[in-house]
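A short worksheet on the structure shown next.
Computed from the coordinates by the stated procedures, all read-outs in this text should not be read as laboratory data. Remember, predicted model here, so these are calculated numbers, not experimental data. Here the Cβ positions follow ideal geometry from the backbone for every residue, glycine too, while neighbour counts run over all protein chains shown.
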Amino acid sequence: MLNPEIAEALNNQVQLEAQSSHAYLAMAVWAETSGYDGTATFFYRHAEEERVHMLKLIRFINERGSNAVVPALVAPSPAFTGLKQAFESVLEHETRVTQSINEVVDLCLKVKDYPTYNFMQWYVAEQLEEEGLARRILDRLALAGDASGALYHFDRDITTMEAEAEGPTA
Ligand code: OFO
């Protein structure tokens, strides 16, 4: 059975991953209804990925003899002023998730729970990738500015950017 502090921290992380999935889903709806089809595909895919992150935690908590808690969710923001604001909110959110993951890792070391420490390394690597991708996207958007032609190309290329970030083995 998990140390109760670790179980609580992992369940908090379950909530955060579920909330991330929800937030990406709202962004996907906004993008799709704003004519950004490529960006909508990107956000729908991320909503699925975050759900997988949540499930991975749930299964781990249960396998270690504790009980995962299926969390209540807060309704995410349904609208954005544009792509820049949407991706700024992605980066802000992912930074918060990274911070929370680092806190879980710290706690694992504190209570000497090395199996959970090992398990969490996957999330540490994943967050590095997600924050990096959000920053690269924001750089690309800064170059595009408000020019509609540039934003059209951005929307067309965003899924390719994601594949490049994941590399050939992903
Ligand atoms: Fe779960 O990686 Fe983003 O939040």
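For the stretch 40-53, the criterion of a residue being of a type in the set (Val, Ile, Thr) and not in a helix (DSSP H, G or I) is satisfied by no position. One residue stands out in the stretch 39-96 among those that are hydroxyl-bearing (Ser, Thr, Tyr), more than 13 Å from the ligand (Cβ to nearest atom) and surrounded by fewer than 18 Cβ atoms within 10 Å (Cβ to Cβ): the one that is nearest to Ile158 (Cα to Cα), namely Thr41.
Can you tell me which residue is nearest to the ligand (Cβ to nearest atom) among those in the stretch 11-38 that are of a type in the set (S, T, N, Q) and under 14 Å from the mean Cα position of the chain (by Cα)? Spell out how you get there, then give the answer.
Our first condition is that a residue be of a type in the set (S, T, N, Q); within the stretch 11-38, this holds for 11-13, 15, 19-21, 33-34.
Imposing the further condition that a residue be under 14 Å from the mean Cα position of the chain (by Cα) reduces the set to 13, 15, 19-21.
Values: Gln13: 9, Gln15: 12, Gln19: 9, Ser20: 4, Ser21: 8 Å.
Filtering first and then ranking leaves Ser20.
Annotation: Met1 fulfils all but one of (1) closer than 19 Å to Glu131 by Cα; (2) outside any helix (DSSP H, G or I); the unmet one is (1).
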